Structure formats: C-alpha cells, structure tokens
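The values are calculated or read from the model by the stated rules, or taken from the named source; none is laboratory data. Keep in mind it's a predicted model, so treat the numbers as computed, not measured. When we count neighbours, we look across all protein chains shown, and the Cβ atoms used for this are built from the backbone with ideal geometry, even at glycine. All accessible areas refer to the heavy atoms of the entire protein, side chains included, with ligands and DNA or RNA removed. Shrake-Rupley method; radii C 1.70, N 1.55, O 1.52, S 1.80 Å.
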Amino acid sequence: MSTLSVDVTQNGSVKSMESLCSAAEIEESDFLRLLERPPRPLNIERHRSCDERSLSELSIGLSPYPTFRNADNSSRFMDHLDVVFPLSPGRRSGFNTPRSQNGFETQTHPMVADAWEALRRSLVYFRGLPVGTIAALDSSEENLNYDQVFVRDFVPSALAFLMNGEPEIVKNFILKTLRLQSWEKKIDRFQLGEGVMPASFKVLHDPVRNTETLMADFGESAIGRVAPVDSGFWWIILLRAYTRSTGDSSLAERPECQKGMRLILSLCLSEGFDTFPTLLCADGCSMIDRRMGVYGYPIEIQALFFMALRCALLLLKQDAEGKEFVERIAKRLHALSYHMRSYFWLDLKQLNDIYRYKTEEYSHTAVNKFNVIPDSLPEWIFDFMPTHGGYFIGNVGPSNMDFRWFCLGNCIAILSSLATPEQSTAIMDLIESRWEELVGEMPLKVCYPALESHEWRIITGCDPKNTRWSYHNGGSWPVLLWLLTAACIKTGRPQTARRAIELAETRLLKDGWPEYYDGKLGRYIGKQARKLQTWSIAGYLVAKMMLEDPSHLGMVSLEEDKQTKPVMKRSSSWTF
Ligand code: GLC
C-alpha cells in the first residue's frame, strides 16, 4: 500500500483528516486515534477509509489547511495544472451516482432527486440547444425578470452540470453570452462599455414566424437601472471552472473567448482618478441589485474582481495582445491583495485599534489613513466580534467603513485566496462562533446585521422589499450554501458544511425551494420570495456534490499565490 504524508499539527490534526476524508467520514475511533498522535509531521499509512481516487484528485486549492504531500514530500497541489488538469473527467457525481464509490454513509438524500428534476425543468433552450437555466419557475408571482437566464444565477447551475459530467450546456452558455457581449449596448442615449456582460437574457419565441431570438438586459431594463458589474467576473470564473473540470482548454483558447476576456479586463483595469486598487462601483451592481448602501468599494465586487483576475491570468494566452494584460493583471493583483488584506480586514485587534484611532492625520505617517471617525463604529460590532475570528468588512472609503458582514464576498475571498490562510481560518472561526446570527435556522444570511428604522430609510430609500431581516437586508439565501460549503471544505471543516446542509434539508423542499427566507433566524419564507428558485436548487446540489467528492472544489478554488503574500509592517501584533 502506498503511503501519504499528512501534516499533523497541534491543533490541525483533526481538521487535516477531516478534509482528507470529508466525503467518506472517518470513524470515530479513527479520529480518537489521530488525536493521540504527536503534534508533528508524520508519515502515516494512508487511511483506508479515504478513497484513493478522491485523494489523487485532491490536487485542489486546499493547501494551507490540510496539507497533502507525496511520499517524496512534494506538494500535491500543482499550480501549473490548475487549468488543464481534469478533476473527474466525465464522472457523474449527481443524479446517477447517488452513492459515493467508497461505500461510506453518503447516502443520497431524497431531496437530491427532486432537485435534479427541478433543475432540468428550469433549462432554457435556444434553437434546440440548452443555453442556461431560468431564474425561477414560479408562475404564481408576477414574472418581472425571473423568467430570464441570469449570469450570476446560472453559476451554481453550471457547477452542478459540470460536476455531473454534463459540460455542454455550460459551453453553450459561455458562447451565447459572449455573443451578447458584442451587442451595442445603450441606456437612453448613453453607450455602455464594449466589455459589459449582460445581467440576464431571455429567449423570445415568435410562434407565427416560428423563430427564436435572444433578448438581453445590460441594466437598461433592470429595476433601478443597476449595472451588472459581477456578470463579467462570473463569466471568467465560469470559463476557468469549465476548463478545469473538463480539461478542455480549447474553449478558453478560442480567439473570441480571449477577446471577451480582454474586453472585460479593459473595463476594470482602466486607469482613472482612483487612489485605490479596488474597483469603484455604483449601488446594486451585483447579487444585491438594489440600493443597499453597497456603492463605493463593496466587498462582493472586490473579491470577485480578485478571483476573476486570477482566473484570467490562468486562461489568457501570452500572445501579442494577451501579454500586456497579463502584466497589468499581475500588478493589480499585487496592489489589490495588499489593500484588501490591510484595510478591509477586521478582527478584535484591528477593531480595538480603530476604536482608539486619532483623526485628522495628514501625510504618509497617518495611521488612520482613511480618517475613520471612531464614533462611527456601530454598537453591534463590539458584541459581534468574537475573540478568535475576523472578516473582510463590507466597504472601505474616505471616512467610511461599512462594518456589515457580507457572505458572498467573504466566501469568495477564501476561495480565491484573497484571504491569507490565517484570515480564511479566522473567517470560518467567526462563522462558527456567530452561527445563530449568520446561519440561524436557514443558511445563510446575505449580510449581517439588517439596516433598521432611520438607517433603512436613508440607506435603502425606504425600500419595502428590503425591510429589516428580509431579502438583501439581512435575509437568508439558500443559494449561499454552495459558497459556504466550498469555503468549509477548503479550510478543512466539512462538518460545518454538513451542519448547514442538514438545516437546509429540513425545509427547502417542503417550502418549495424559496429564493430567500426572512427573520433574524431565517425562519420565515421570504415576503416576496419566488418559489422554485433555480439557484436555491442548484446551490443545494452543488453543496451536496462537493461534500461527497471534495475534488470538485478545484473548479472554484485557487491556491494561495506566494507572490501576493503580504509583508505586513503595520503593527507587531498584526498577524496573518
Ligand atoms: C434578484 C436578486 C438577484 C438575482 C435575481 C434573479 O434580483 O437580487 O441577485 O440575480 O433576483 O434571481
């Protein structure tokens, strides 16, 4: 039997083994045995309950947490294979393979079959080919734009299909949205940037002429005319997931895909008046697509920006046109990671520093660089901040720190390795110690806490859909389960993901796959939530499949890039 070396550290031993065998659950006695092992790197014989295939495929972005090493002590994580190495070629871990091959307890929940059926019903066809999934199949509510294929909503659907060995629909979607990108885009008399990707699109059927045409929305029809800044980033991230999952790099190498990427990058790498490397955005430009005080430098966009830049770096050809972008990306990543890790990061120590900040400092020696006034610290933050733990706050700008916790940005920070391994661990520690607030009875809060009363009036513009603990304002979104699960697996905490999934399983199907839940604990089906919301369904499936076969994580996870490792000199107790 071959051997594997597993780093067993003082407090990392259980976690290491947890993630090694996350799909297959280690027996309790094995855990106890591991706990008794001395806290130093050991060469242990491979654990029999770990399935050989899963292990050999775990060349994914897990590295700093559980470290898998070959017998010669070389790392199992192969950066250069990030793009081309197929994880599970053609393997279906979904509907048709309800049991993991190692025979452990991963018995498929009855909800899985229902979810697959609903996901397939949500498929949208264009001239005979599946090109996406509809946002919601709920006919009881007014359609608005829920009958469209949203780029961001399609991501969990795409991942589910990729994991199930069905990449064609993902390829069709990538190529179709690329065609939409080349459309001339106008809002009134204003022409949008060439690289903008649509928020959503729809297939129009003309029964008389028996034709089908596409109609896209780049924000010109959207409520509030919000700009879909996240669409282009998701598109690049998905292209990398497709490439990674199938091992087929020919799609990304196509001239039109290379051009599409360059157009998106031109938009977000352009020079302007900015003093920060973060991306300046209008309100409502991502999943939270309404006025919610997320204008400026919202964490969700910054994390997606970082991840998309890293994916583009893997996908761009170093030809005459690509080379220039590769250089610009490398520079931006360097600056962006430094900025985010330094100024968006909040833990107990940093909170205490801000609490004691002096203001009105001028020049390079300023400690309080953004002139944040300590009185602007909200009351709730002092109780919310655990002793161990931390997170990237919602927004940082001149005299502005939005201390709200946002789920998507923090999970993407972990997956993209925008967060250092220490920061990722801290983010997970915080989620675990604030479980009731962030997960409650239904995973997972989109942000915490909710805006209330005066703040709600001023910041949302009295939005009746975004009342406290509802929708984007502290509502609980089942779709976020896949992101939590991926972050849990990456940080070696599959049990935390399992706990969240089990919570969702008590209600999701029974409640008809709602879009979101309301209330402090997420106990109520959202006031205006659609039912049969596709990304709630797909998010659940992706979470289940990833937990069953953690090698899928590689599609949505990037290893830490040593070059962007921060050299922190701010204070001696600042730890990363
Ligand atoms: C809502 C959500 C948005 C989502 C869309 C379709 O507008 O806020 O994030 O993409 O519905 O589900």
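Observations on the model:
- Carbon + sulfur, % of accessible area of region 124-555 - ligands and nucleic acids excluded, 1.4 Å: 52
- Cα extents for region 394-496 along the principal axes, largest to smallest and rounded to whole angstrom: 41, 35, 20.
- Remark: region 477-483, residue by residue, has Karplus-estimated 3J(HN,Hα) of 10, x, 4, 5, 4, 5, 5 Hz, where x stands for each Gly or Pro and the curve is 6.51 cos²θ - 1.76 cosθ + 1.60 at θ = phi - 60°.
- Spacing of the two label points (7 Å from each Cα toward its C-beta) at D147 and V367, in nm: 6.0
- Put a plus charge on the Cβ of each Lys and Arg, a minus charge on the Cβ of each Asp and Glu, and nothing anywhere else: the dipole of region 369-492 about its Cα centre is then about 380 debye.
- Using θ = phi - 60° and Karplus 6.51 cos²θ - 1.76 cosθ + 1.60, couplings along region 458-468 (whole Hz; Gly, Pro as x): 6, 7, 8, x, 6, 5, x, 7, 9, 5, 4
- For the cross-link pairs K317/K445; K176/K531; K171/K202; K445/K490, the ones whose C-alpha atoms lie over 29 Å apart are K317/K445.
- Packing-based order for 544-550, 533-539, 212-218, using average beta carbon neighbours within 10 Å, highest first: 533-539, 544-550, 212-218
- Mean Cβ count within 10 Å, highest first, over the residues of peptides 143-151, 360-368: 143-151, 360-368
- The protection proxy used here, the mean number of other Cβ atoms lying within 10 Å of each residue, ranks peptides 202-211, 486-495, 265-274, 422-431 as follows, highest first: 486-495, 422-431, 265-274, 202-211.
- Summed side-chain charge close to Y391 - residues other than Y391 whose Cβ falls under 14 Å, Lys, Arg +1, Asp, Glu -1: -2
- Near A136, the amide H atoms lying under 5 Å from its own belong to Q148, T534; only residues 5 or more places off or on other chains count, and H is placed 1.01 Å from N.
- The smallest convex shape that holds all Cα atoms of region 124-555, its convex hull, gives 151 Å³ per residue.
- Averaged over its residues, region 124-184 has an accessible area of 38 Å² per residue, based on protein heavy atoms and a 1.4 Å probe.
- Overall size of region 119-271 from C-alpha positions, given as principal axis extents largest first: 43, 41, 29 Å.
- Taking amide H as placed 1.01 Å from N in the peptide plane, the amide H of F126 sits under 5 Å from that of V131, each at least 5 places away or on another chain.
- Of Q318, G519, N352, farthest towards positive along the dipole that unit charges on Lys, Arg, Asp, Glu beta carbons give region 124-555: Q318
- In order through region 117-131: 3J(HN,Hα) via Karplus (6.51 cos²θ - 1.76 cosθ + 1.60), integer Hz, x for Gly, Pro: 4, 5, 5, 5, 5, 7, 4, 10, 10, 10, 6, x, 10, x, 10
- Two-site label geometry, Q528 and H205: point separation in nm, points 7 Å out along Cα→Cβ: 2.8
- A Cβ-based charge dipole, computed about the Cα centre of region 124-555 with Lys and Arg at +1 and Asp and Glu at -1, lands at about 460 debye.
- In the full protein context, region 298-426 carries 40 Å² of accessible surface per residue, based on a 1.4 Å probe and ignoring ligands, DNA and RNA.
- Each Lys and Arg Cβ is given +1 and each Asp and Glu Cβ -1; about its Cα centre, region 99-241 then shows a dipole of about 480 debye.
- Amide H within-cut-off set for Y524, under 5 Å, with H built and near neighbours excluded: D518
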